[in-house]
Amino acid sequence: MRPLTLGVLTLVVGCAGSVVVSPSRDAAMSETLGDVGVPADESGNRSDATDVHGDVADATARDPRCPSPPCLRHTILRSHRNGMWLVFPDGRTLHWGGAQISRPGIHSDRFPTAGPHLSSDVLDVQGQSDHNCALLADGGRVVCWGDGGSGQLGNRTLDFSLQPVEVAGLRGVTSIAVASNSSWALRGTQVFYWGFGPGLGGTPMVSAPRASFLISGATAFANPPSSNTMGVLLLSGGAVAWGAYFRTDTGEGPFGSRLAPEPIAGIRGITSLSLSPRASCAIAEPGRTTWCWGDRYGLFDTLQEDPPRYQESPAPVLGVGELVEVAVNEFFACGVTPARGVLCWGSNDLGGIGIGSNDRGVLPPGALVALPPVREIAMGNRAVCALTMEDEVYCWGSAESSVLTVNENVPQRSPLRVYPRSAP
């Protein structure tokens, strides 16, 4: 039996996948754990964040993944719902795409535009439409920028900031995630949040880190989350998820919400995980098989006569073959092959399959997208971008997502080079 501690509850996952819920032996300490030993003021804000260091042996130590900068060995591409970030090893950033709010510095540029210059200690960047965060190797620190109206910048204010500000008192972080109006960090088995994320269990609103869940065997967030869905990968090869996502054990439908992590049943050996409220996909060993579940529209073969509306448990996707990375939104899915090609399937109404086809409706996995060898992909709300080995970025899908530099009313049905900009 394997225990999984979630705040004041412990989930024990048996070999057969059954889950037993019992009170945690730390239940009596839940209030202390929830506040990391620090009292909150009337607004829920932390009166002191220094104790967030907890029992970290050396809160100033560098992340062992980066003994010395630069920490990124190559450029990385990250999505945030309707926009994209390109982050270079020296800390430079480029941003393009739309924001959901109109505020100075929340970029809605249709072409790659310089963003904040992060340090060469940057390990990762995550974001949503209104704010973004970066993980630094120096002490496992986190910095955030953008809208802070819900406390999601974590610097004990509700202020907006054009430039990255350090999250108060938090050190030793190994993974970050960003949801709408809230930010999340993983340190060891402890999950922290700041901001306001009621659909994710992120309440009350706080403007500095607050301990949320303990997840035994946690290794990293499944990034990027959707605006209201979160997942964490486990050492065991399993994963847990919470928020608005399709549950695998009851088949409640696409918008069942859970305020605490629960195991994703029926799949082990997970190496890549992508969650959305409508459907989710994972890659699992052995065989690098792609499994999906949730709303069948767009993610499963359509040859079955009168198929059920929902796939209630993970099922292999026919015709995909081996993949090393998978990403899904609520309309289509894409994956990276071992040979660094890109394969997409699902709804092609907005050009998401990327093969130039004008066919609408659902298309099964077929031809590869015409691209140079790809390092990684980043899935937007209705479009997807790919970063090549030569640091070029190509995007396709709905131009309404604003990660494309084309007519907003015309889907981009084949890859368009966004960076470096194609000649007009």
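The values are calculated or read from the model by the stated rules, or taken from the named source; none is laboratory data. Computed from a prediction, not measured in an experiment: that's the story for all the values here. Using ideal geometry, Cβ is built from the backbone for each residue, glycine included, and neighbour counts are taken over all protein chains shown.
Some notes on this structure:
- Condition check for residue 359: surrounded by fewer than 24 Cβ atoms within 10 Å (Cβ to Cβ), free of Cβ contacts under 8 Å to residues at least 12 places away in the same chain and farther than 17 Å from residue 85 by Cβ: yes
- Of all residues making up region 157-170, the number that are surrounded by fewer than 22 Cβ atoms within 10 Å (Cβ to Cβ) and either modelled with pLDDT under 95 or not aliphatic (A, V, I, L, M) (or both): 8
- The requirement of being more than 17 Å from residue 192 (Cβ to Cβ) and modelled with pLDDT of 65 or more is fulfilled somewhere in region 49-61, by at least one residue.
- Qualifying residue in region 381-395 (condition: assigned to a loop (DSSP other than H, G, I, E, B), at pLDDT below 85, buried (at least 24 other Cβ atoms within 10 Å of the Cβ) and touching a helix residue (DSSP H, G or I) at 6+ places or on another chain (Cβ under 6 Å)): yes
- Output for region 231-251, where each listed residue is aliphatic (A, V, I, L, M), part of a strand (DSSP E or B) and at pLDDT 90 or above: 232, 233, 234, 239, 240, 241
- Residue match in region 252-264 (condition: surrounded by fewer than 24 Cβ atoms within 10 Å (Cβ to Cβ), under 30 Å from residue 203 (Cβ atoms), acidic (Asp, Glu) and at pLDDT below 80): yes
- Exclusive hit being more than 23 Å from residue 82 (Cβ to Cβ) and not β-branched (Val, Ile, Thr), set 217, 195, 148, 202: 217
- Scanning region 207-225 for residues that are assigned to a strand (DSSP E or B) and either under 14 Å from the mean Cα position of the chain (by Cα) or within 29 Å of residue 380 (Cβ to Cβ) (or both) yields 207, 209, 212, 213, 218, 219, 220, 221.
- Considering the conditions (1) touching a strand residue (DSSP E or B) at 6+ places or on another chain (Cβ under 7 Å); (2) at pLDDT 90 or above, residue 83 is excluded by exactly one of them, (2).
- Considered as a group, the residues in region 287-312 that are part of a loop (DSSP other than H, G, I, E, B) and at pLDDT 90 or above include one that is nearest to residue 360 (Cα to Cα), and that residue is 288.
- Per the conditions (1) exposed (fewer than 14 other Cβ atoms within 10 Å of the Cβ); (2) modelled with pLDDT under 95; (3) in contact with a strand residue (DSSP E or B) (Cβ under 6 Å, 6 or more places away or on another chain), the sole criterion not satisfied by residue 424 is (3).
- Total residues in region 344-356 satisfying the condition of being crowded, with 23+ Cβ neighbours inside 10 Å and either on the phi > 0 side of the Ramachandran plot or at pLDDT 95 or above (or both): the figure is 3.
- Test for residue 146: is it within 21 Å of residue 385 (Cβ to Cβ) and surrounded by 24 or more Cβ atoms within 10 Å (Cβ to Cβ): yes
- Leading residue by the ranking (farthest from residue 147 (Cα to Cα)) among those in region 181-212 that are in contact with an Asp or Glu (Cβ under 8 Å, 6 or more places away or on another chain) and at pLDDT 95 or above: 211
- The condition of being closer than 19 Å to residue 157 by Cα, of a type in the set (Val, Ile, Thr), surrounded by 24 or more Cβ atoms within 10 Å (Cβ to Cβ) and at pLDDT below 95 holds for residue 178.
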